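The values are calculated or read from the model by the stated rules, or taken from the named source; none is laboratory data. Predicted model only: the values in this text are computed from it and were never measured. Positions of Cβ are backbone-derived with ideal geometry, glycine not excepted, and every protein chain shown enters the neighbour counts.
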Amino acid sequence: MENIVSFSQLLEYSNQHDKRIYQVMQGLEAYMLEKNEDQVRNLTLRNLKTMKSSIEKGLSVSSLSPSGMSGLDAHKLLKRYENSSNLPFNGLLGRIMTYSVAISEENQRMGKIVACPTAGSCGIVPAVIVSYGQEYGFSEEQQVNALITAGATGKIIAQQMHLAGAVAGCQAECGVASAMAASAAVELMRGTNDQIVHAAILALKNVMGLVCDPVAGLVEVPCIKRNGFMAVHAVSASEMALAGVQSVVPPDEVVQAVKQVGVLMSPMLKESSEAGLAATESAKTITREFFKF
Amino acid sequence: MKYISILDIIGPIMIGPSSSHTAGAIRMGLFAGKIYGKKPQKVKFKLYNSFAKTGRGHGTDKGILGGILGFDVNDDKIKHSYDYAREAELDYEFEYLEKHDRHPNSADIVFLDENNKEQMKISANSLGGGEVQIYMIDGFLTEIRGDYPVLIMVYKDQKGVISKVSALIQEQGVNIASLNCERKEKHKEAVMTFCLDSVLPDKCIEQIKKLPDIYLVRNIERLEE
């Protein structure tokens with residue numbers, strides 16, 4: 001079996017063999033890593049379980065971070081959507097937003113998380129998969145299928161560009177995480193392989209050019225709240241794709257475009273905290289205060 | 001090109017908040033500790049550039065210290081590395097520096113004895129995504145990454161060492177992924193590092209140690225995840 005390097009290859013192979021994307025991917029992983037498919041699924045399940053415990057941990061603590069910039073927001077969201085009946089994000093979306101912020105806050109506290117694809121974007125995929133599981137009653141098996149699907153999306157993109165804010169900005173971190181989550185959501189809703197890929201690419205395309213300008217160089221502002229936004233963004237992309245909306249520019253070309261934008265982006269906007277939010281007066285004050293002691 | 005697994009994308013399981021500044025720092029410490037190969041008494045950490053500037057907010061200090069103590073990237077103990085260092089009677093010191101000829105995320109780990117005499121100095125870069133590179137040991141350039149088992153040797157530069165060692169490796173049926181040699185001067189100390197497809201058995205390491213003028217041999221397994 002040969003490695004799969006593009007979305008078009010992934011779709012062609014899956015559709016030809018009448019398989020879903022997760023089935024193709026777990027077969028490929030088993031072959032490449034010299035394991036069997038059950039072992040691949042078990043490793044994925046182990047990561048899913050860690051994601052669930054990061055959510056629980058993140059929701060159980062509410063404390064201000066050392067820099068004073070974050071740590072209390074997951075609880076605010078939790079309170080708003082607890083026992084509510086008449087809010088726009090009732091049920092699924094409120095849960096997704098809360099979980100995504102909770103995991104990111106847990107990450108900031110030096111808690112245990114699963115990088116997905118990076119630590120700074122670790123809330124997005126778990127929040128979507130776990131919330132769908134809870135709201136719609138998807139089994140653990142189905143959630144593993146979704147996580148493998150998300151992994152397939154991330155892997156295809158990672159083979160074309162480096163998934164790091166320092167290399168391609170936040171589009172490569174939270175943007176890719178959102179694409180991964182969108183494809184996972186379509187898998188859970190039993191969309192087609194084509195819809196899975198288009199959901200991912202619609203999500204990615206919509207955040208092209210997103211910069212990485214963290215205040216004081218910390219994985220906090222705007223990262224934590226962005227995890228909340230981008231998880232909901234993934235649901236929008238998945239719903240468009242499930243309705244049959246497709247990206248006009250083919251998926252692999254979109255990835256190349258995102259990569260190009262990453263190259264063109266100023267290094268000052270790629271994790272170096274020299275421009276954007278990080279260079280504002282307030283950010284400079286926070287940075288000075290924080291690094292004083 | 002290295003195969004990118006979905007488990008590289010959905011993973012590693014790690015202590016936050018940053019794969020380069022936290023997980024990378026932990027792996028640097030862990031790797032350096034294995035290369036040093038014995039219980040350290042005192043360690044001086046020199047953190048450079050972004051590691052120095054934003055390290056504390058990312059737990060880079062706790063990470064690199066925890067790595068020296070043998071903690072892995074997913075170990076909850078990382079958060080309390082300072083306490084565990086005290087418990088292990090490990091003396092440590094941090095220095096924060098800015099140097100433009102160094103990688104943005106870079107550190108020196110200097111092992112000292114009780115009289116502050118330098119025993120070994122290891123320089124490493126955090127490449128992103130938790131990947132690290134040990135690029136210098138005691139002034140010798142190396143090219144060691146945590147994604148392969150490695151054999152590291154310090155020996156007296158002389159004819160035939162490479163062929164003798166590689167013959168012993170071949171006897172074990174182990175494939176060599178890459179080989180890197182560096183010497184300071186002819187017939188002086190030299191360092192050789194092999195990245196291997198599988199880890200060598202102890203028996204083979206004993207044979208390598210018996211070769212003439214071998215000063216140090218380290219056989220290190222692949223860093224997990």
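Scanning region A:249-288 for residues that are in contact (Cβ under 8 Å) with a residue 40 or more places away in the chain, within 14 Å of chain B (Cβ to nearest Cβ) and under 14 Å from A:GLY217 (Cα atoms) yields A:LYS270, A:GLU271, A:SER272, A:SER273, A:ALA278, A:ALA283, A:ILE286, A:THR287. Of the candidates B:ASN180, B:ASN116, B:ASN219, B:ASN125, the single residue that is assigned to a strand (DSSP E or B), farther than 30 Å from A:MET161 by Cα and in contact with a strand residue (DSSP E or B) (Cβ under 8 Å, 6 or more places away or on another chain) is B:ASN219.
Take the residues of region B:3-38 that are among the charged types (D, E, K, R) and touching a helix residue (DSSP H, G or I) at 6+ places or on another chain (Cβ under 9 Å): which is nearest to A:ASN145 (Cα to Cα)? Taking the candidates together, the pick is B:ASP8. Evaluate the following for A:GLU187: is it surrounded by fewer than 24 Cβ atoms within 10 Å (Cβ to Cβ) and among the charged types (D, E, K, R)? No. Among helices (runs of 4 or more DSSP H) entirely within region A:165-210, having at least 1 residues that are under 18 Å from A:VAL248 (Cβ atoms) and away from chain B (no Cβ under 14 Å) singles out A:174-188, A:193-206.
Scan region B:24-44 and give yes if some residue there is surrounded by fewer than 24 Cβ atoms within 10 Å (Cβ to Cβ) and among the polar types (S, T, N, Q), otherwise no. Yes: one or more hits.
Can you tell me which residue among A:SER67, A:SER63 is closer than 29 Å to A:CYS223 by Cα and within 12 Å of chain B (Cβ to nearest Cβ)? Let's see the steps before the verdict.
Working: A:SER63 fails: within 12 Å of chain B (Cβ to nearest Cβ).
Matching residue, one of A:SER67, A:SER63: A:SER67.
For region B:70-115, the set of residues classified as more than 13 Å from chain A (Cβ to nearest Cβ) and of a type in the set (A, V, I, L, M) consists of B:ALA85, B:ALA88, B:LEU90, B:LEU97, B:ALA107, B:ILE109, B:VAL110, B:LEU112, listed by residue number. Of B:TYR82, B:TYR92, which residue is in contact with a strand residue (DSSP E or B) (Cβ under 8 Å, 6 or more places away or on another chain) and either aromatic (Phe, Trp, Tyr) or not assigned by TED's automatic domain parsing to the domain that holds B:ARG27 (or both)? After applying the criteria, what remains is B:TYR92. Summed over region B:103-117, the residues that are over 17 Å from the mean Cα position of the chain (by Cα) and under 22 Å from B:GLN133 (Cβ atoms) give a count of 1. Of all residues in region A:27-49, those that are more than 11 Å from chain B (Cβ to nearest Cβ) and part of a helix (DSSP H, G or I) have Cβ atoms under 6 Å from Cβ atoms of residues that are of a type outside the set (A, V, I, L, M, F, W, C) and surrounded by 15 or more Cβ atoms within 10 Å (Cβ to Cβ), 6 or more apart or on another chain, in A:GLU37/A:GLN26.
Return the only residue of A:LEU33, A:LEU10, A:LEU45, A:LEU28 being more than 23 Å from the chain's Cα centre (by Cα) and not β-branched (Val, Ile, Thr). Write out each step before concluding.
Working: A:LEU10 fails: more than 23 Å from the chain's Cα centre (by Cα); A:LEU45 fails: more than 23 Å from the chain's Cα centre (by Cα); A:LEU28 fails: more than 23 Å from the chain's Cα centre (by Cα).
The unique qualifying residue is A:LEU33.
Only one entry in A:LEU78, A:LEU93, A:LEU72 is touching a helix residue (DSSP H, G or I) at 6+ places or on another chain (Cβ under 9 Å), more than 20 Å from A:VAL235 (Cβ to Cβ) and modelled with pLDDT of 95 or more, namely A:LEU72. Scanning region B:22-38 for residues that are touching a residue at least 24 places away in the same chain (Cβ under 8 Å) and away from chain A (no Cβ under 14 Å) yields a total of 10.
Looking across B:VAL191, B:VAL161, B:VAL110, B:VAL150, one residue alone is farther than 15 Å from B:TYR36 by Cβ, aliphatic (A, V, I, L, M) and out of contact with any His (no Cβ under 8 Å at 6 or more places or on another chain). It is B:VAL161.
Wholly within region A:70-148, which helices (runs of 4 or more DSSP H) include no fewer than the required count, namely at least 3 residues that are surrounded by fewer than 19 Cβ atoms within 10 Å (Cβ to Cβ) and more than 14 Å from chain B (Cβ to nearest Cβ)? Lay out the reasoning, then the answer.
Numbers: elements: A:73-81, A:92-108, A:124-136.
The helices (runs of 4 or more DSSP H) meeting that bar are A:73-81, A:124-136.
Restricting attention to region B:94-102, does a residue exist that is touching a Phe, Trp or Tyr at 6+ places or on another chain (Cβ under 9 Å), within 22 Å of B:LEU223 (Cβ to Cβ) and at pLDDT 95 or above? Taking every residue of region B:94-102 in turn, none turns out to be touching a Phe, Trp or Tyr at 6+ places or on another chain (Cβ under 9 Å), within 22 Å of B:LEU223 (Cβ to Cβ) and at pLDDT 95 or above.
Whenever a residue of region B:61-83 is in a helix (DSSP H, G or I), its partners that are among the charged types (D, E, K, R) and surrounded by fewer than 24 Cβ atoms within 10 Å (Cβ to Cβ), lying with C-beta atoms within less than 7 angstrom and at least six residues away or across chains, give the pairs B:LYS62/B:LYS79; B:GLY66/B:ASP75; B:GLY66/B:LYS77; B:ASP76/A:LYS112.
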